[in-house]
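*Asks:* Below you will find the structure I want to go over with you.
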Amino acid sequence: MNKNIKLAVAGAVLALSASAANAGIIIPAGEWTLDINGNVNGFMSTTRADTPTGTASTSGNGTAGTFVEGGLGYEGQAAGPNQRRQLGLTTGLLPAWIGFTGKTRQNDLDVEFTISMQPQISDNGVTGDGAVPASSTSQFLNRQTYLSFGDKSWGSIKIGKDLGIFASDAILNDMTLLGVGSGGSISGSGDNTTLGRIGTGYIYAAWKGQVAYTTPNFNGFQATIGLTNPNQIGTEQTLAAGTNTLNQDRYGFEGKASYSFAANDVTGKVWASGATYDVTTTAYTTAVTTNTATVGDVGANLNVAGFGLTGYYYNGKGVGTTFLGRFGVDGAGVKRDSNGGYV
């Protein structure tokens with residue numbers, strides 16, 4: 001059995017992309033080519049943040065804390081000092097990763113499947129492995145399980161779970177992807193990953209069940225449209241006066257278009273993407289409202305002789321911050337405006 005071993009961190013980054021040709025252990029197996037790919041990383045970090053000012057509330061794990069409406073906030077610590085310090089030995093924004101990909105060409109179709117798992121290296125519980133309830137932040141993630149088939153002449157169809165379509169280029173072009181970025185995770189250093197620029201530069205694309213169609217590559221231009229699983233926001237929006245329960249009651253619609261170019265030592269890409277979801281809000285005022293959350297973005301990346309520059313901007317209504325839909329409405333169920341970006 002011939003094994004061509006190509007171990008590179010870049011392969012782990014590409015594992016985030018649905019169209020990635022991952023660099024790993026490549027094994028010919030009859031009419032199939034199997035690829036085992038992944039990475040392990042670890043960072044020691046210390047983060048100090050001013051306690052956010054805003055509405056006093058109860059954090060997601062039941063501990064008294066302080067939240068700021070419309071912001072990320074810091075969970076997991078009782079209100080008290082004006083500053084909060086957090087230590088962690090964790091993976092970075094990119095988690096530890098092991099993936100299995102199979103590819104074949106049969107019956108005039110390119111067929112591919114990918115299954116991946118993402119463990120972490122830290123848990124703050126007494127056992128350190130999630131064996132007791134106090135260690136509930138230790139999770140073994142499953143971010144990809146999909147099958148795709150198609151041909152260069154008409155495109156491809158993907159069925160399964162993969163990175164969301166909207167804002168996917170924002171995170172794949174985030175220079176902190178191989179590092180830490182925002183060191184404070186949502187509920188302590190026992191979370192699987194840090195945040196990178198999620199919530200400070202873009203909304204997280206997340207990992208979603210989807211049926212998506214991608215066009216052929218027309219001299220650099222390509223587009224993708226898809227139906228995505230309506231991931232439920234639940235009761236994350238906990239405010240002083242009560243709780244808003246947010247539910248998505250139809251499939252999401254997401255799409256993007258991009259153009260990639262190359263000339264001598266200059267390469268680049270421009271893109272635009274968008275998403276729309278219906279969100280039913282059962283507000284603590286007992287009112288029930290239904291809103292359509294919509295968002296769009298634009299971005300560009302330019303690389304010249306080893307130097308790279310990326311610019312990104314998004315704008316939406318009812319989509320909130322950090323995670324799609326989080327704090328997207330106020331206590332009365334009225335949609336908030338959202339916008340942000342990074343360079």
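The values are calculated or read from the model by the stated rules, or taken from the named source; none is laboratory data. Predicted model, so just to flag it, every value in this text is computed and none were measured. Cβ atoms come from the backbone with ideal geometry, glycine included; neighbour counts cover every protein chain shown.
*Asks:* If I filter segment 141-148 for residues that are modelled with pLDDT under 90, hydrophobic (A, V, I, L, M, F, W, C) and in a loop (DSSP other than H, G, I, E, B), do I get at least one hit?
*Replies:* Step one: list which residues in segment 141-148 are modelled with pLDDT under 90, which gives 141-142.
Add one more test, that the residue is hydrophobic (A, V, I, L, M, F, W, C), and what stays is 141.
With the extra rule that they be in a loop (DSSP other than H, G, I, E, B), the set shrinks to none.
Within segment 141-148, none of the residues are modelled with pLDDT under 90, hydrophobic (A, V, I, L, M, F, W, C) and in a loop (DSSP other than H, G, I, E, B).
*Asks:* Can I ask one more? Suppose we keep only residues that are at pLDDT 95 or above, among the hydroxyl-bearing types (Ser, Thr, Tyr) and surrounded by 16 or more Cβ atoms within 10 Å (Cβ to Cβ) within segment 149-179. Which one would you say is farthest from Lys269 (Cα to Cα)?
*Replies:* This residue is Ser156.
*Asks:* Tell me which residues, restricted to segment 305-343, are loosely packed, with under 13 Cβ neighbours inside 10 Å, small (Gly, Ala, Ser) and more than 30 Å from Ala262 (Cβ to Cβ).
*Replies:* Ala332
*Asks:* Something else about it: Show the residue pairs meeting these rules: Cβ distance below 9 Å; 6+ apart or different chains; first residue within segment 303-330 and more than 30 Å from Thr290 (Cα to Cα); second residue part of a strand (DSSP E or B) and of a type in the set (Val, Ile, Thr).
*Replies:* Going by the 9 Å Cβ cut-off, the qualifying pairs are Asn303/Val266; Asn303/Thr267; Val304/Val266; Val304/Thr267; Ala305/Val266; Gly311/Val298.
*Asks:* Could you pull out the residue among Asp297, Asp337, Asp265, Asp249 that is farther than 22 Å from Thr200 by Cβ, of a type in the set (D, E, K, R) and modelled with pLDDT of 85 or more?
*Replies:* On the way: Asp297 fails: farther than 22 Å from Thr200 by Cβ; Asp337 fails: farther than 22 Å from Thr200 by Cβ; Asp249 fails: modelled with pLDDT of 85 or more.
Going through Asp297, Asp337, Asp265, Asp249 in turn, the sole match is Asp265.
*Asks:* Please name all residue pairs, on different chains or six or more residues apart, with Cβ atoms under 9 Å, provided the first residue is in segment 207-219 and is surrounded by fewer than 16 Cβ atoms within 10 Å (Cβ to Cβ) and the second residue is assigned to a loop (DSSP other than H, G, I, E, B) and of a type in the set (D, E, K, R).
*Replies:* Every condition considered, the pairs that remain are Pro216/Lys152; Asn217/Lys152.
*Asks:* Let me ask another. Looking only at residues that are of a type in the set (A, V, I, L, M) and at pLDDT 95 or above in segment 99-129, which one is nearest to Gly24 (Cα to Cα)?
*Replies:* The first filter runs over segment 99-129 and keeps only residues of a type in the set (A, V, I, L, M), leaving 109, 111, 115, 117, 121, 126.
Checking which are at pLDDT 95 or above leaves us with 109, 111, 115.
Numbers: Leu109: 24, Val111: 19, Ile115: 14 Å.
For segment 99-129, the residue satisfying everything is Ile115.
*Asks:* Here is a follow-up. Conditions: (1) within 15 Å of the chain's Cα centre (by Cα); (2) over 19 Å from Lys161 (Cα atoms); (3) at pLDDT 95 or above. Gln210 meets all but one. Number of the miss?
*Replies:* Here Gln210 clears every test but (2).
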